[in-house]
Every structure is written in C-alpha cells, then in structure tokens.
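Nothing in this text is a laboratory measurement; each read-out follows from the coordinates by a stated rule. Keep in mind the model is a prediction, meaning the values are calculated, not measured. Cβ coordinates were reconstructed from backbone atoms using ideal geometry, including for glycine residues, and neighbour counts include every protein chain displayed.
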Amino acid sequence: MRYSTLLLIGLLFTGVSSATAQDEFPVRHGLPVNNYGDTLQWPEFQEALLAVDSLNPLDVSLFNMIRGYADDGYCFGMCLLAGAVYVEDGYMGLCKPVESYAVSDTTVSSGQDTLTPFWPIFKHAYHVLWARQFSQPMVRLIAEYVANGNFVDPVNTFNLVESYLAGEEIPVVLISESLSVATGVPAMGGMHAVLAYKTEKNGTTWKIHVYDPSRPYIIHPDFYRTDSNVITINSTSNTWSYYGPAGAPIWNGFIYTIPGIRLLVPSTNPLLISNLSQTVAIIVVNGGKITGITSADTEKKPVIVPWGYAGDGLPHFYILSNVEDGQYQVEIESDEGYQLLIAGEGKVAEIKREANGHTVDLLTVNGLTSDKLAIDLSNGTSGTYSMTIHDVKSYQKINSFSVAGLALNEGENIIFASAGSGTEIYASRPIDVTIKTIIYKSGEKRENVFSDITLLPGNVLAINVQENNDVPFLAYKPWRGKLWVRK
C-alpha cells in the first residue's frame, strides 16, 4: 500500500498537461536529436505497414521506392514520436525529460542520435513512424484535402490544429518552401514536417507554435527563446509564413495538418487497396518527376499534387484527384531512367525505363478507375522498357503479367493492357518479348516464363489466367498481311 501511495504522488508531480509544460514543450519534450538522413530498412518497413510480405510484389515495389526517401531526414517520424510520447507517456516513460539525457556537443549537428546510446529503440521508433506516412489512412486524408481545396489553406489548418490539440490527436503539420502551379503540377521547394503544440490569436495574426526536428532545442536554443518557432498566419488574406533560424521567410507554400494519432497503429500498404476511391489514384516515379498531366476530357481536369520527396529533392509521390474513367497523358521527366507505379482501382501498372541522358516521356493511361488499365508508350523516347500490370484481387491473391526488355525508339509504341481476366499486348513493329506471369496466392508464388515470342505489327498477344487452377495460357490473334521475301 505504501508503494502505491508514493507512486500516485509521483504521478501527480510529473503531469505534463499544465500550461507551463506546454510553453516549455521544445525544451522538455522535443527530441534532442537533429533531423538526419538514413536509409529505411525492410524490418522497419515491415513493422510500419500491416501484413507486409516479402513475397508480395507491391510491398517490395513500394519499399524499394521509399527506402531512400528518408535520406534527407526523418522529420515526420520525429514529430509523430515526440507528440505520441507527450500525449501518452509523459517524459517518454522516463523519470526526467529527455533533455536530461542528451549529449550537448557539436557532434549532434552532424546527425548523431543522442538518444540511441542509452535507449536504441527510439531511433527504430521514428524510422517506423516515418514510413507510416505512406499508409492508407494518410493517402485518404491527403486525397480529401486535395478534393476539397484544403491543401493550401492556412486558416483551415489553424482550426484543425486547435481541434487536434484539444483532443490530444497529435497535430503534425506538413509545409513546403514554395508553391507554383504554372504547368498544372504544383512545383515546390523543400518539404518538411513540424509538430504543433500551442496556438494563439492576436487580431488577424494567428500563430501556431511548433517543435521543429531540424532545429532541436539542444542545437538551436535561440530559435525557440526568440519565438521564431511559429507559423504566422494572416487570417484575412489566408496566407502564412514560417521563419527559419536565419530569419528568412523561407516557407510559404502548401500547408496542412494530419491527426498523427491515426498513424500510431499500423495500416495497410495503399497500393493493396483494391477500391481505394473513385476519385483517387497514386502515381510514384522513382528517379524522375511528373511535369505535366492532361485529360482527354477538358471539362474534368484532374488535380495532381506531390505528396512525398526523394533524397534528390524532387517530388516522386503524387496523388491524383478528380479522376474519371478516361484517358490521361502524363509527362515524366528523367535524367537516367525511372521506375513508375500507377495505382488505380484494383490495378497497379509498373514500368521501368532504362536510359542514360535527359529524357521526357509522354505516357498515355487509359481506364485508371475501371477494371481496364492500358499504358501507351507511343510518345516514349529511345530506351528499354519493362512493364508489369498487377491485378489485385485481394491481399491473398495478386496476378502479375510482365513484359521485359522492350527496346523502343522514338515514335514507336506498344500498348500493355489489362482487361477483365487477362492482359493483351499490341506491337507497332516486329518485336521479341519475354512474357512472365506470376500468381501470388496465400503466401505462395507460382511463376511461368514464356520466351522467344515475336510480336508482328497487328498481333495481339492475350495472357489469361484460368481462375479454377491458376494456370496461365497465351493466345494469339493472327495478323493478316503479305510476307515479302528478298531473293
């Protein structure tokens, strides 16, 4: 009984919900770790997303694309962890604030994790939480912001932050350095995440106080002592700015907030959601960026926004909203080739392009939200392409149809289409292809390779899977024409 009484008294004295604790948040509760870059590892990815399987091609594809995205830092995961332990466990479950354990020396600024020496699980935790920004709840929330026009709405962000703080929902605020939409695709500067812990209003000037993982208190105390750690909003003009340590207003692009509490438990890989939404598609370009997108229906223009950035500073993740069934032309700019994922409703198209030198490809996509998906490379420049379409029936079953080693020249085209129970390939010239069909079912992988296949102009190669026994077969639709022989 005596032990229980002492414990209760201890808890009363270590409470963190007071106004004083809130004012001192960056000092007492912000991570004493400088934001640093480090490549994500498969066990961290596997812990971040629910039911991730190394035999699942979509899990592996997404991991291979995002693993290097954290090379610029883990700011999102650091914000989420700092907010979570503040809301749930006081001083991160310790008897004293984490600042008491931090090493205050110059090595911190070079990326040393001052928490790891005494508790290695912290580094693992914010790596895992960082990866959860690519989960299904995050995709749905961002798609909702895009559809409602709240992607660049600081007043709405302020109101949501207040609501999330009141409900202890951990308001992580996403911001960008600049924003322009001259080409139809928002072009931005840097992308960053900060953690909101307090708001205030003074007339039309509204402020969101934040902990910034790229400016921890242990390295940048004056940034917080001078109240520079605020996002300033003009409620009349609905504009905002965020001042860095040097005093320059470098952040004023998009701004939105997410309730981080939704990401404290793992969710699924968004590429595996067979019916994500009628209005959303995900486009990932590893090694390139989207510089333009057009629709055949000029009255229903798609809205595409960058979502995640790679280590090279380019936006590689995109969410496409206002999607209708139809034809879209996506312009992809690359310096050394790229890997592309286009995820629609129940279908995921994967294209790899091998090339050296700067190129711009115009890919035509048909039927993004229906049971039909076609990719036309008729405007592709010279290069070698590999294409796969994944037919997502459920997490337990995925059919994949691949064509590898297509050497295309500028002006040539090949259409890779998936419709219903099969896949069809059309060629514009005689071309040798290798066909591979893979069936993932209940954790097992069955693979069939068909090589030495030549498609002539007008040939249609159909690949079908019999649902009863999962045996793939090929079928040709013959090409009729004259064969000229030189004597």
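Excluding same-chain neighbours fewer than eight residues apart, the aspartates and glutamates reachable from K441 by a Cα-Cα span under 14 Å are D53, D391, E467, D470. Take 355-365, 396-406 and order them by the average number of nearby Cβ atoms within 10 Å per residue, most first; the result is 396-406, 355-365.
In sequence order, segment 365-373 has phi-based couplings of 10, 10, x, 5, 10, 9, 7, 10, 9 Hz under the Karplus curve 6.51 cos²θ - 1.76 cosθ + 1.60, θ = phi - 60°, and Gly or Pro positions carry x.
With R₀ fixed at 30 Å, the C-beta to C-beta distance from F450 to N409 puts the FRET efficiency at about 0.75. Packing here is the average count of other Cβ atoms within 10 Å per residue, and on that basis the peptides 168-176, 409-417, 323-331, 74-82, highest first, run 74-82, 168-176, 323-331, 409-417.
Computed over the Cα atoms of segment 319-435, the ratio of the radius of gyration to the Kirkwood radius (Rg/Rh) comes to 0.95. Placing a label point 7 Å from the Cα of S382 along the Cα-to-Cβ direction, the residues of segment 398-430 whose backbone N falls under 20 Å of that point are 405-414, 428-430.
Peptide packing: for 215-224, 158-167, the average count of neighbouring Cβ atoms within 10 Å per residue gives the ranking 215-224, 158-167, highest mean first. Pairs exceeding 31 Å between alpha-carbon atoms, taken from K301/K445; K123/K393; K352/K372: K301/K445; K123/K393.
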